[in-house]
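The values are calculated or read from the model by the stated rules, or taken from the named source; none is laboratory data. Keep in mind that what you see is a predicted model, and the values were worked out from it rather than measured. Don't worry about glycine lacking a Cβ; one is built from the backbone with ideal geometry, like all the others, and counts go over all protein chains shown.
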Amino acid sequence: MGGLIAIRDFATDFYNFDPDRVTLLPMAGSNRVYVRLFFIHTVVIGTFNENVAENQAFFYLSDALSKKGIHVPKVLAISDDQKIYLQEDCGSMDAYSLLIGAKTEEKVALLREIIDDLVELHIKASSGIDYLRCYPSASFDYSDVLYDLRYFERHFLSQVGIGYDVKKLKREFENIATGVTNAHFLTFMYRDFQSRNIMVQEDKLTFIDFQGGRRGPGVYDIISLLYQAKLKLDEGNRKALIQYYLEKIASQSGYTVDQLQEDINAIKIVRLLQVLGAYGLRGLVEQKPHFISSIDPALDNLKIFTEDVNFAEKSPYLHTLLDKIVQNKSEILCLIPV
């Protein structure tokens, strides 16, 4: 409640009069407080976040991406302590809300439109970004990959009661991290490019919540989008959309489709396990409804790896663990609080 009041007071000082109405927005997986402020002449989004370094990254990236022609919200005002800021309101309809109830052909059409804008982001932002101003790190490097994999180990694997050999898992995690660092196409990696972070207003797409972006493999973002657990995209359309992205990037980046596919093969496991870690923390531990409801379809996503012979050869121990998780899905779902 304190964050909401602080935002309202800051906005009142900035515009020199009180808002007509203030609406608290869902917090999702972060500790940031978001509110929509209605003034007689405008509507804006106010944010309160104690993490100043994260805010500074958002301020910088908003300006840098906007200058490259990427649709992102403009930062309108920043408090002296940089814990409160006002930004453009990009509407209340996100792409997830449209996709989740859409017919297959409508879903694919919107996803292709999103991919077009993602390709534009990846190509335009492949240079001219000062990554030293990103948060929490300048690049998605070996240590970042290991952090994500251990996040899954700590917040999901350790929570569901499946025993494992720490040393064996550590060795395979390290091998996976090494593979990711050998990725070909490096650009601005959005980090959490999923449909809830894409606003749709008057047929224009706007990207939000990119403060975790940094230099990294571009394909991480297409994986984040198309493997979102609750999207329920069938494998045929998913492969076709990935191919659509790969061909568009290949035509503009100098990398081949085969090289980009190698990147996807190396990185896909990292994103899907990181997401499961988030669902474990936010769902099983913190009991946030959206994350709880995402666990079931996220477990189904693991079949991508348990049925993959190449993955079984490269990461045999992790393959065995994931197979145990899939086989024990019903028991794991029983851990979810009712």
Mind listing whichever residues of region 1-44 are surrounded by 19 or more Cβ atoms within 10 Å (Cβ to Cβ) and under 21 Å from residue 74 (Cβ atoms)? 7, 10, 11, 19, 32, 33, 34, 35, 37, 44
Among residues of region 155-174, those that are of a type outside the set (Phe, Trp, Tyr) and outside any helix (DSSP H, G or I), counted: 5
Out of (1) more than 21 Å from residue 253 (Cβ to Cβ); (2) outside any loop (DSSP other than H, G, I, E, B); (3) outside the structural domain of residue 43 (by TED's automatic domain parsing), the one residue 136 does not meet is (2)
Which numbered condition trips up residue 98, out of (1) of a type outside the set (Lys, Arg); (2) touching a residue at least 40 places away in the same chain (Cβ under 8 Å); (3) more than 24 Å from residue 202 (Cβ to Cβ)? (3)
Verdict on residue 47 being among the hydroxyl-bearing types (Ser, Thr, Tyr), over 27 Å from the mean Cα position of the chain (by Cα) and surrounded by 14 or more Cβ atoms within 10 Å (Cβ to Cβ): no
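Among the candidates 154, 238, 196, 171, single out the residue that is more than 23 Å from residue 295 (Cα to Cα) and among the basic types (Lys, Arg). Reasoning before the result, please.
On the way: 154 fails: more than 23 Å from residue 295 (Cα to Cα); 238 fails: more than 23 Å from residue 295 (Cα to Cα); 196 fails: more than 23 Å from residue 295 (Cα to Cα).
From the options 154, 238, 196, 171, the qualifying one is 171.
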Condition test on residue 94, is it acidic (Asp, Glu) and closer than 17 Å to residue 197 by Cα? yes
Applying the selection to region 63-75, what residues are under 18 Å from the mean Cα position of the chain (by Cα) and either within 20 Å of residue 27 (Cα to Cα) or β-branched (Val, Ile, Thr) (or both)? 70, 72, 73
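Can you find, within region 302-338, the residue that is surrounded by the fewest Cβ atoms within 10 Å (Cβ to Cβ) among those that are part of a helix (DSSP H, G or I) and small (Gly, Ala, Ser)? Give the steps one after another, and end with the answer.
Looking only at region 302-338, we keep the residues that are part of a helix (DSSP H, G or I), and these are 303-306, 309-314, 316-327, 329-333.
Next, only the ones that are small (Gly, Ala, Ser) stay: 312, 330.
Working: 312: 16, 330: 8.
If we take residues in region 302-338 being part of a helix (DSSP H, G or I) and small (Gly, Ala, Ser), then 330 is surrounded by the fewest Cβ atoms within 10 Å (Cβ to Cβ).
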Pairs, please: C-beta under 9 Å, at least 6 apart or cross-chain, first residue under 19 Å from residue 6 (Cβ atoms) and in region 77-94, second of a type in the set (Asp, Glu)? 83/50; 84/9
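Do we have residue 117 as in the same structural domain as residue 187 (by TED's automatic domain parsing) and in a helix (DSSP H, G or I) here?
Numbers: in the same structural domain as residue 187 (by TED's automatic domain parsing): yes; in a helix (DSSP H, G or I): yes.
Yes; evaluated as a whole, the condition is true for this residue.
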Do we find a residue being in contact (Cβ under 8 Å) with a residue 12 or more places away in the chain, touching a Phe, Trp or Tyr at 6+ places or on another chain (Cβ under 6 Å) and crowded, with 18+ Cβ neighbours inside 10 Å anywhere in region 225-236? yes
